[in-house]
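A short reminder: the numbers here are calculations on the coordinates, not readings from a lab. Nothing here was measured: the structure is a model prediction, and the numbers come from that model. All Cβ positions, even for glycine, are placed from backbone atoms using ideal geometry, and neighbour counts span all protein chains on display.
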Amino acid sequence: MFDSSSKGTLESVQVLMHNLNTTREHHRRLYKEYSFLSARRRRRYTTLAQRRAANVRERRRMISLNDAFDALRKAVPTFAYERKLSRLETLRLAILYIGFLQEMINSKDTQNILLRKTKSSELKVRSETSYK
């Protein structure tokens, strides 16, 4: 029913399946061992003093972050809104404003270069016409 080549293929498939099952079983055992260890490690009990200290640190961090956003809101030009801009709106507006300022600087540099070229060419033209 099977020729020699299909018999070799069948044996190869059987070996692969055996290896796969062995590997799966090995991974299951490792997972059970390490999940037990990691679960034990995850159970870290914090004392009330540690929790309060962490809350104070977080509160200070948030106050600092809010102060920074307030300063950014004041630095970025806005329209007269009835409400305070959200953090996301503030960041987006700041990005647009920085891009606008960058364009102004780039266009000003371009204008200065063109102005210098124009002045130097005017000087050449004036000097050429004054001798005639």
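Tabulated data
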read-out: Extension gain (nm, one decimal) between His18 and Ile105, 0.36 nm per residue minus Cα-Cα; value: 24.4 nm
read-out: Two-site FRET efficiency, Met62 against Glu82, from Cβ-Cβ distance with R₀ of 22 Å, rounded to 0.05; value: 0.35
read-out: Sites Ala71 and Tyr45, calculated FRET efficiency, Cβ-Cβ separation with R0 41 Å, nearest 0.05; value: 0.55
